[in-house]
1. Please enumerate the residues belonging to the stretch 258-282 that are at pLDDT below 90 and within 14 Å of Leu297 (Cα to Cα).
2. Exactly one of these conditions fails for Gln13: (1) modelled with pLDDT of 85 or more; (2) part of a helix (DSSP H, G or I); (3) open to solvent by 40 Å² or more (accessible area, probe 1.4 Å). Give me its number.
3. Taking Lys90 as the residue in question, decide whether it is more than 12 Å from the ligand (Cβ to nearest atom), at positive phi and modelled with pLDDT under 85.
4. Can you name the residue in the stretch 33-58 that is polar (S, T, N, Q) and within 11 Å of the ligand (Cβ to nearest atom) and is also farthest from Gln258 (Cα to Cα) among such residues?
5. Of all residues in the stretch 227-277 being in a strand (DSSP E or B) and within 17 Å of the chain's Cα centre (by Cα), which is nearest to Ala366 (Cα to Cα)?
6. When only residues in the stretch 304-318 that are assigned to a helix (DSSP H, G or I) and touching a residue at least 12 places away in the same chain (Cβ under 8 Å) count, which is farthest from the chain's Cα centre (by Cα)?
7. Looking at the stretch 108-127, can you tell me whether even one residue there is among the hydrophobic types (A, V, I, L, M, F, W, C) and in contact with a Pro (Cβ under 7 Å, 6 or more places away or on another chain)?
8. Would you mind telling me which numbered condition in (1) of a type outside the set (S, T, N, Q); (2) surrounded by fewer than 22 Cβ atoms within 10 Å (Cβ to Cβ); (3) more than 19 Å from Thr154 (Cβ to Cβ); (4) out of contact with any Asp or Glu (no Cβ under 6 Å at 6 or more places or on another chain) Gly277 fails?
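The values are calculated or read from the model by the stated rules, or taken from the named source; none is laboratory data. On a predicted model such as this, the values are computed, not experimentally measured, just so you know. Every residue, glycine among them, receives a Cβ derived from its backbone with ideal geometry; neighbour counts consider all protein chains shown. In case anyone asks, the SASA skips ligands and DNA or RNA and just uses the protein heavy atoms, side chains included. Shrake-Rupley method; radii C 1.70, N 1.55, O 1.52, S 1.80 Å.
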Amino acid sequence: MAEAGSFADKVKQQADIVRVVGEYVRLKKTGKDFSGLCPFHQEKTPSFTVSPIKQIFYCFGCGKGGDVYNFVMDMEKCEFPEAVKVVAEKCGIAIPRQKERSPEERKENQQRSVLVEMHREAQTFFVKQLEGTPEGKAALAYLEDRGLDKDAITRFGIGYAPSGGDLLLRHLKPKYSDKLLVDSGLVSRDQSAGRLFDRFRRRITFPISNESGKIVAFGARALGDDMPKYLNSPETPIYSKSNVLYHMDRAKEALRRQDFAILVEGYMDAIAVARAGISNVVASCGTSLAEPQIKLLGRFTRRVIVNYDPDTAGQAATERSLSLLLEHDFEVRVLALPPVGNKKADPDLFIREKGADDYLKLLKEAPPYVDYLIARARQMDLTTGEGKQRALNFLLPYIQKIPSGILRSEWATRVAQQLRIDEPLLRSALTKAAKERRSEIKRQPELLGRAAKPVERRLIRMLAEAQGFRQELAKELQNARLYHGLETEKIFAALVIASLSGQPLQAAEVGAALEERDRRLLFEILFEEANEPTWEEAMSCIEALQHRHAERELADVQRSIEANPGAPELRGLLEKKQELMRRLAAAR
Ligand SMILES: [Zn+2]
């Protein structure tokens with residue numbers, strides 16, 4: 001992130017993380033470090049710590065951690081360049097004028113700001129159409145029918161795209177070139193005649209903003225029976241649908257305060273929920289969630305209640321989104337709304353018919369995703385063995401994704417009871433699936449990090465801060481390949497590389513390159529109480545690792561011997577065993 005010698009790097013060197021964080025969090029000195037109540041999750045006793053020596057922060061509660069920039073990015077909900085600016089300003093460091101960009105970059109930036117401006121103008125145009133034309137008034141009546149009053153219409157910037165076919169085009173044409181108009185997605189070009197016309201016609205328009213609140217696209221709902229019912233802006237230089245969550249710009253604060261998000265499908269749903277006074281709602285505006293959207297959401301909270309439509313598409317979308325959310329370590333609950341009368345209810349319909357209080361009540365009771373999935377599996381035919389197998393196959397991939405072994409085991413018992421499946425059978429299926437998963441390329445490490453042995457923790461700490469000998473230690477570890485196969489292997493690998501460089505450790509950057517669990521473990525270790533490390537201690541830790549390494553090898557050899565008692569290589573194996581046992585005995 002902050003490249004050596006860059007302005008960001010200079011600011012980081014001069015900035016004091018304790019001072020910057022202290023502007024947001026009341027910090028108390030505890031030993032070498034400072035602690036306070038975490039601003040990223042609700043807590044009553046401090047688990048948020050800041051180290052002035054390492055210039056990093058870490059929360060033992062929610063796992064957030066990093067350097068001063070990570071903190072400001074999370075706090076201010078901004079990107080890296082913005083965070084550098086904020087920190088520089090707080091520390092009274094003059095910000096240099098922006099470097100001249102390449103001509104292409106400049107052109108692209110310019111184009112983007114022109115497109116944003118064009119969307120602003122289109123928004124004004126759509127709103128005026130709704131209020132001031134006969135056609136718009138008819139649309140207004142339709143909206144009122146759907147329970148949207150004047151307040152809501154203003155609040156969410158709802159407008160109307162007239163049926164004329166080129167009214168917006170004529171409005172924008174004097175100011176913008178044909179190419180820009182087409183690039184904006186607001187105007188389309190007739191393929192055969194090459195003529196331009198409005199993309200949205202006879203539709204209610206909903207402005208879609210990016211997270212900083214700039215309108216970058218529109219969603220539009222047909223007024224009559226026109227197809228498609230919903231039509232959105234295409235992908236443009238300023239809009240990619242997988243990067244944007246509808247209502248995110250307004251939900252940010254509430255997401256952080258309440259530390260959970262309600263995820264709905266469409267803008268009408270998000271509007272209905274927000275109007276019910278629940279502002280931590282966002283819509284994926286597509287049938288399922290995309291990875292960049294999850295990353296965006298993850299900057300604000302890792303707890304989600306999924307409330308998609310109850311139809312088949314909605315169910316499929318729920319299940320796809322579940323997988324993705326679980327893979328990204330989200331805590332997920334699912335709200336499946338009961339039908340209203342004989343109609344399947346999306347959030348919009350439900351709130352309109354039943355009211356906000358009923359919705360809130362159901363929201364609070366929304367079950368963890370596994371309960372939802374068990375309920376879904378129980379709808380399958382469980383009277384035959386085949387049916388049970390199908391139900392099990394449906395559930396297994398999700399259960400596999402539960403990070404904690406204890407929880408996974410509890411769920412296994414519940415699934416067995418509820419689906420009336422023999423429990424040992426289920427467990428063996430789980431184990432088998434787990435083995436297959438491990439061989440997949442995209443390996444999800446289980447929650448093993450916490451089990452890191454004291455010796456590993458100690459060595460990690462030394463690699464991070466033993467100024468006198470961390471380079472030497474890194475060489476030792478690398479030569480003997482002692483950390484290979486350990487649960488902490490990736491942390492070691494990253495630290496060894498960093499230590500060999502001879503530069504002081506940039507903990508936040510090493511952490512950023514690691515997977516979430518490893519990053520958390522690294523930060524936990526860095527904040528543990530510890531004595532000054534010595535080279536002698538380092539050597540005894542290495543010996544302990546060698547010992548464990550030999551034990552593992554011995555166990556492997558023993559297994560091979562037992563597996564093929566008659567094998568020709570038995571002699572070699574036995575010799576190896578003797579030699580390992582000698583080594584282990586000598587070490588005692
Ligand atoms: Zn926290």
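1. Gln258, Asp259
2. So the condition that Gln13 fails would be (1).
3. So Lys90 does not fit the description; no.
4. Filtering the stretch 33-58 for residues that are polar (S, T, N, Q) and within 11 Å of the ligand (Cβ to nearest atom), the one farthest from Gln258 (Cα to Cα) comes out as Thr49.
5. Ile262
6. Checking each candidate, the answer is Ala313.
7. Looking through the stretch 108-127, at least one residue is among the hydrophobic types (A, V, I, L, M, F, W, C) and in contact with a Pro (Cβ under 7 Å, 6 or more places away or on another chain).
8. The single condition Gly277 does not satisfy is (3).
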